[in-house]
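Trainee: What follows is a single structure, and I will ask about it in a moment.
The values are calculated or read from the model by the stated rules, or taken from the named source; none is laboratory data. Everything numeric here is computed off the predicted structure, so don't read it as measured data. Because the Cβ atoms are built from the backbone with ideal geometry, glycine has one as well, and the counts that use them run over all protein chains shown.
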């Protein structure tokens, strides 16, 4: 059916035969780099040159309950830019989607002029404000509205950082006293963040999950959307482990977003909320990088560790009440000292 050196799973062959009919005979496909999940992605190229993306989930799913499709439906209804879903086969665990190409915001910024960079970020901020505005209209019943960055979730992510980055990737030996000291500060940080008003968050709103397609930014990897602080997605974008942003640009963009999405919040309070969320978010990212490197044996993520550490330290030093945490972590992670 396909012209490729790799064998497609039988369920994919059957799916393509049903959906494409005779056109399936000439389909070419190539594996695509996935996210940190267990999903697999393939680009399909039809005989006429058109391309589509096939997502293969590790197990069957109910289309009415699959988080990707549920959140996709919400975002589509709100006019946010997501790939079109072309076909669904829950029994086989397959989704067929519009191909957004290979140019992520991360890649586009590598050659972008200053005006282009500014345009891209302003567009991302406008989209983010639209998400928060649309999601706040009336009662919402989808499952993502019952999930939240509560104390338990935030603390779990910080424990993940200690396990897979501090003790895993950096092979540090943290004694019981240090662990108690660190966890006490983590608990206070999580309690404060969890106490703030919540909006719907993309959850991974960074440059690798924004694709430049047909002249505009489109969203991917949004299936883990949940409720959280208004600054959460902003922190993901402006304290991005994959892109370097100077502090003046970060401050300008943050203030632009505050005026657009949270105009009634004082600038000082908004900055504090952004910086504290950024600390939690950067440490969470480091935990993911450690896990992917040591457990999944994927060396790709190691290159982003230095920037994530710089971002975490940059905000830690701005808050004297967190000096104890920085010193405790700095005994094992010199970049945070």
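Trainee: In the list 140, 130, which residue meets the criterion of being out of contact with any strand residue (DSSP E or B) (no Cβ under 6 Å at 6 or more places or on another chain), modelled with pLDDT under 95 and under 16 Å from residue 202 (Cα atoms)?
Mentor: 140
Trainee: Let me ask something else. Hey, residue 191 hits all of (1) loosely packed, with under 14 Cβ neighbours inside 10 Å; (2) in contact with a helix residue (DSSP H, G or I) (Cβ under 8 Å, 6 or more places away or on another chain); (3) over 17 Å from residue 280 (Cα atoms) but one; which does it fall short on?
Mentor: Checking residue 191 against (1) loosely packed, with under 14 Cβ neighbours inside 10 Å; (2) in contact with a helix residue (DSSP H, G or I) (Cβ under 8 Å, 6 or more places away or on another chain); (3) over 17 Å from residue 280 (Cα atoms), the one that fails is (3).
Trainee: Then there's this: Looking at (1) out of contact with any helix residue (DSSP H, G or I) (no Cβ under 8 Å at 6 or more places or on another chain); (2) without any contact (Cβ under 8 Å) to a residue 40 or more places away in the chain, which is the only condition residue 83 fails?
Mentor: Condition not satisfied by residue 83: (2).
Trainee: List the number of the failed condition for residue 118; all other conditions in (1) free of Cβ contacts under 8 Å to residues at least 24 places away in the same chain; (2) closer than 30 Å to residue 20 by Cβ hold.
Mentor: (2)
Trainee: Sticking with this one: Please enumerate the residues belonging to the stretch 48-70 that are surrounded by 14 or more Cβ atoms within 10 Å (Cβ to Cβ) and not in a strand (DSSP E or B).
Mentor: Selection gives 57, 61, 63, 66, 67, 68, 69, 70.
Trainee: Which residue pairs have Cβ atoms under 7 Å apart, sit 6 or more places apart or on different chains, and have a first residue in the stretch 144-156 that is at pLDDT 95 or above and a second that is part of a helix (DSSP H, G or I) and surrounded by fewer than 16 Cβ atoms within 10 Å (Cβ to Cβ)?
Mentor: 151/191; 155/187
Condition check ((1) surrounded by fewer than 19 Cβ atoms within 10 Å (Cβ to Cβ); (2) closer than 23 Å to residue 104 by Cα) across all residues:
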{"residue": "205", "(1), (2)": "no, yes"}
{"residue": "210", "(1), (2)": "no, yes"}
{"residue": "216", "(1), (2)": "yes, yes"}
{"residue": "228", "(1), (2)": "no, no"}
{"residue": "240", "(1), (2)": "no, yes"}
{"residue": "249", "(1), (2)": "yes, yes"}
{"residue": "253", "(1), (2)": "no, yes"}
{"residue": "263", "(1), (2)": "yes, no"}
{"residue": "266", "(1), (2)": "yes, no"}
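Trainee: Out of 218, 264, I need the residue that is under 26 Å from residue 79 (Cβ atoms), out of contact with any helix residue (DSSP H, G or I) (no Cβ under 8 Å at 6 or more places or on another chain) and touching a residue at least 24 places away in the same chain (Cβ under 8 Å). Which one?
Mentor: That would be 218, the only listed residue that is under 26 Å from residue 79 (Cβ atoms), out of contact with any helix residue (DSSP H, G or I) (no Cβ under 8 Å at 6 or more places or on another chain) and touching a residue at least 24 places away in the same chain (Cβ under 8 Å).
Trainee: Any idea which of 215, 168, 228, 177 is assigned by TED's automatic domain parsing to the domain that holds residue 125, modelled with pLDDT under 95 and farther than 21 Å from residue 324 by Cβ?
Mentor: Every option except 215 fails the conditions.
Trainee: Kindly indicate the residue of the stretch 33-47 that is within 19 Å of residue 22 (Cα to Cα) and assigned to a loop (DSSP other than H, G, I, E, B) and also modelled with the lowest pLDDT among those meeting that condition.
Mentor: Of everything passing the filter in the stretch 33-47, 47 is modelled with the lowest pLDDT.
Trainee: Sticking with this one: Would you check if residue 16 is buried (at least 19 other Cβ atoms within 10 Å of the Cβ), modelled with pLDDT under 95 and either under 27 Å from residue 214 (Cβ atoms) or in the same structural domain as residue 147 (by TED's automatic domain parsing) (or both)?
Mentor: Here the answer is yes, as residue 16 does meet what is asked.
Trainee: Every residue in the stretch 93-110 that is in contact with a helix residue (DSSP H, G or I) (Cβ under 9 Å, 6 or more places away or on another chain) and surrounded by fewer than 19 Cβ atoms within 10 Å (Cβ to Cβ), please.
Mentor: 108
Trainee: Can you say whether residue 280 is in contact (Cβ under 8 Å) with a residue 24 or more places away in the chain and either surrounded by fewer than 19 Cβ atoms within 10 Å (Cβ to Cβ) or closer than 20 Å to residue 165 by Cβ (or both), as far as the supplied structure shows?
Mentor: yes
Trainee: Select from the stretch 289-304 the residues that are touching a residue at least 24 places away in the same chain (Cβ under 8 Å), crowded, with 20+ Cβ neighbours inside 10 Å and closer than 21 Å to residue 235 by Cα and list them in ascending order.
Mentor: Correct list: 289, 290.
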